[in-house]
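Before any comments, here is the structure.
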Amino acid sequence: MDVVLLISILTITIRAGTSLLYATIGEILTERSGILNLGVEGMMIMGAVSAFAAAFHTGSVWAGVATAIVVGGSLALIHAFLTITLRADQTVSGLALTIFGSGLASFLGQRLGPGGQPLVGQVGPRFEKIALPLLSDIPFLGDALFRQDVLVYGMYLLVPLAWFILYKTRPGLHLRAVGESPHTADAMGVNVPGLRYFYTVLGGMLVGLGGAHLSLAYTPGWTENLTSGRGWIAIALVIFATWDPARAVVGALLFGGVNAIQFRLQAAGTTIPAAFLNMLPYAFTVIVLVLITWWEAFRKRVGAPAALGVPYMREEVT
Amino acid sequence: MDRSDRPPAVEMRGIVKRFPGVLANDHIHFAVHAGEIHALLGENGAGKSTLMNILSGLYRPDAGEIWICPRGQTQPRRVDIRSPRDAINLGIGMVHQHFMLVPTLTVAENVILGLKDPRFLLRMRHVEEKIKQLSRQYHLQVDPSAYIWQLSVGEQQRVEIIKLLYRGAEVLILDEPTAVLTPQEAEELGRTLRRMAEEGKAIIFITHKLDEVIVFSDRVTVLRAGRNIATLDTARTDKAELARLMVGREVLFRVEKPAGVVCTNGEPPVLEVIQVEALNDRGLPALQGVSLEVCSGEIVGIAGVAGNGQRELAEVVTGLRPVTRGRVLVRGQDLTNQPPLRFIEAGVSHIPGDRLGMGLAGNLPVSDNLVMKAYRREPIANGPFLSRRAVLSFAQKLIQAFQIVTPTASVPVRTLSGGNLQKTILAREITASRDFASDHRRVLVAIHPTRGLDVGATEAVHRTLLEQRAQGAAILLISEDLEELLALADRIAVMYEGCIMGVVDATSANIEQLGLMMAGETHMTKETADRL
């Protein structure tokens, strides 16, 4: 295979994996605090439509990003209120959020265009690729890694930062403790509901940002069902990553990689039906996920936070 | 130590705490001085833990005041403890009965959890150094970089104590600290407590065990039904007086047990466990070649620290857990890896340790719980239907025979008290095994049958077990209460890490010997084996 093709596949792999990785890191933080938010798909698609709409009307991609973060965070806040304050069932609340988000995004996509027209087909501002000086001159890898948009570079920073905070700092210690054993954390003076709110909302913001990357950089513009299930893949990747931000990279690249190859095959005019190729990244992710999780379960303790999905009440008689 | 000239380190005045339907603390006055070990004695539900949860900030009192006098000061001041963090800032810390440790974090990480220092970066070396220094000072051996899930229960308790010392606690509260320890570990804990008291700390320990009060404490406060009954100097009281204060009437310490008839007539054992191996829930070996026989008219006790395979053994002999090797025989029938129903039909009854989880369906009425092993047969089964009338009359009969206190047979069983829950299970199980096993040769497997029960209910359960023994049942009694085993059992088998360390005759056994075997002292088995 020639080098140019490999570089192009790697480039697309990273671009396709970026939005997924934002969402996965966001959900990892949320789940580490003990809150399961199945609303990722809804928050992500709302992030995508609001980012594009805001960027379209203001002409600024940054306004789009800011809007997506606020929208994602706000939707997560609803989930936080329902599950932390009202102790509603986390699965039901998350699913409701996804259904709500998907429906609302579709509706907004019909109305937020110029003069109340649909957004579909509109061309708005987008994140352009920026070549990083020196780094992009590295042969082979430089082009793929360092000739990308700003949000990709943001992801390069986010992953090690999330990992560092989680394992090497006091806030990270508290986050891990709250998800594992909220009673203990509470007895040790950690504000359990406060941290759960914080990380649920922060997770929602990152998911929203992932949505923004889709509509402002990866496939600029708005189409129906733009996320096409990426939110669900993100939730699967959280398990695949065993709630570890560093391992999420592998999962996101895997999904992105199959996506890139599938694109290439379609571009090369293969006879395999497009719908089948479109399905491949998802099928592949699920299969790998199943295999890895099986293997992990045999090898050692599976790393789900022990209190994931369990509401916390202080004066509960156990 | 002269404590009269200094105000108490902590004084709780007129504490009231209500839970729905219960007055847990009724104007309790309680004071503890620096340098003393103060026992807080009472039966389950007397309000001990509630009182201490208030002091440690987990609960808020409905009324009452807390005054503290920190070391080096002479004037006490009133404090408002709104959270565990407030309590620890005031130098008050508690070791809970269920440890407050995060299993996936290291010892050092658990110790600094919730602290303001380190502020951001976790510089663990510094923390570990400080932990090592504390463990030297108080002889609390523990590895700061180990993960909690790797530690034994005794080690975890030491981590809990270090956690409090690290935070500079001057008042340490321990909730039933010896419940999970071997007698030797308990002794070691006693020495640690004494060392801390000598350093001027105030130690409060919650217990319902009279022996511990006598051995460990300087003073004792007795609670009963949410009220402070008395505060005494331990040196000027004795077990009998404490028991009377705790229960409110005279208590007999010995259960009258007639001599047993142990496999004398050459009958084969009713329950035989032969070289059984089984896995626990995590897929690790839990039973590693256990062999055991229980004869008609005999109680065989199983002693051991929790988590050494007792639960798995009980599940194996009731058909709830598959056996990977070995055989289980009931009345001579090989029932290895047969479904639970076969065990039930062979006359095996099961008093599980988790009453509401495994023993009863909490939301179903008392009557339905009582017929759970009888509904398949006439007269309760009427073809595919249940005869409601037969269910009720069956339930009424059992309620009377076993003196279950319940308003009616149709209230949800979870509303009954612990003692009546246990009576409900006993009634169902004993009746069922009587129905299925036509002769006297039936099996009763009882796990912690008196855990959490008050003295009256405990007596009733003990009486029932001894009655069953007299009628010829073969009883396997699993308990963490060595006194109970010594009082009831004919023979005691000690389990350690999935093996039986030895079987001793209950009449000649003593607590020290059992304690050593529970801690895995293998040479004891040889000696005892030689003697048997």
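The values are calculated or read from the model by the stated rules, or taken from the named source; none is laboratory data. Every value quoted in this text rests on a predicted model; they were computed, and no experiment measured them. FYI the Cβ positions are ideal-geometry reconstructions off the backbone, even for glycines, and counts take in every protein chain you see. To get the accessible areas, we keep the full protein, side chains included, count just its heavy atoms, and leave off ligands, DNA and RNA. Shrake-Rupley method; radii C 1.70, N 1.55, O 1.52, S 1.80 Å.
Brief remarks on what is shown
- The GluC sites (Glu not before Pro) of region B:282-384 include none that meets both conditions, a loop assignment by DSSP and at most 15 other Cβ atoms within 10 Å of the site Cβ.
- Helix A:90-111 vs. chain A, principal-axis angle (Cα, 0 to 90°, nearest 10): 30 degrees
- Of all DSSP bridge pairs formed entirely within the protein assembly as shown, close to 55 percent run antiparallel.
- Sites A:Ala131 and B:Ser145 - FRET efficiency at Förster radius 35 Å, r taken between beta-carbons, to 0.05: 0.20
- 10 Å Cβ neighbours from other chains, averaged over peptide A:169-178: 5
- Among the trypsin sites (Lys or Arg not before Pro) found in region A:106-190, those both in a DSSP coil and sparsely packed, with 16 or fewer other Cβ atoms within 10 Å of their Cβ, are A:Lys129.
- Separation of alpha-carbon centers, region B:310-380 and region B:52-117, rounded to whole Å: 44 Å
- Only one residue of B:Pro339, B:Gly498, B:Phe385 has its Cα farthest out toward the positive end of the dipole of region B:271-531, where Lys and Arg carry +1 and Asp and Glu -1 on Cβ, and that residue is B:Phe385.
- Each of A:Val159, A:Gly124, B:Gln73 was placed along the dipole of the protein assembly as shown (beta-carbon charges, centred on the mean Cα), and the one lying farthest toward the positive end is A:Gly124.
- Using distinct alpha-carbon pairs, which all enter the 1/r mean, Kirkwood radius of region B:271-531 in Å: 18.8 Å
- Efficiency of FRET between B:Arg77 and A:Asn191 - r from beta-carbon atoms, R0 22 angstrom, step 0.05: 0.25
- Scoring B:70-78, B:186-194 by mean Cβ neighbours within 10 Å over their residues and listing the highest first yields B:186-194, B:70-78.
- Highest mean packing first, where packing is the average number of other Cβ atoms within 10 Å per residue, the peptides B:412-422, A:77-87, A:263-273, A:30-40 line up as A:30-40, B:412-422, A:77-87, A:263-273.
- Taking the Cα centre of the protein assembly as shown as reference, the dipole from Cβ charges on Lys and Arg (+1) and Asp and Glu (-1) amounts to some 1660 debye.
- Rg over Rh for the protein assembly as shown works out to 1.04, using Cα positions for both radii and the Kirkwood form for Rh.
- Annotation note: chymotrypsin sites (Phe, Trp or Tyr not before Pro) in region A:102-159 located in DSSP loop regions with a Cβ neighbour count of at most 14 within 10 Å are A:Phe140.
- Those residues of region A:120-149 whose amide nitrogen sits under 20 Å from the label point placed on A:Trp62, 7 Å along Cα→Cβ: A:124-133, A:148-149
- Per-residue average of Cβ from other chains inside 10 Å of B:100-113: 5
- Per-residue mean of C-beta atoms belonging to partner chains within 10 Å, peptide B:136-144: 0
- Spin-label model, A:Leu157/B:Val405: points 7 Å from Cα along the beta carbon direction are separated by 6.8 nm.
- Taking all protein chains as shown and a probe of 1.4 angstrom, A:Trp232 keeps an accessible surface of around 100 Å².
- Scattering profile of chain A at q = 0.06 Å⁻¹ [log10 I(q)/I(0), Debye over alpha-carbon scatterers]: -0.20
- Among A:209-218, A:278-287, B:379-388, sorting by the average number of other beta carbon atoms lying within 10 angstrom of each residue, highest first, gives A:209-218, A:278-287, B:379-388.
- Using R0 = 56 Å, the C-beta based FRET efficiency linking B:Asp211 and B:Arg388 works out to 0.65.
- Distance between the C-alpha centres of region A:91-109 and region A:190-215: 17 Å, rounded to the whole angstrom.
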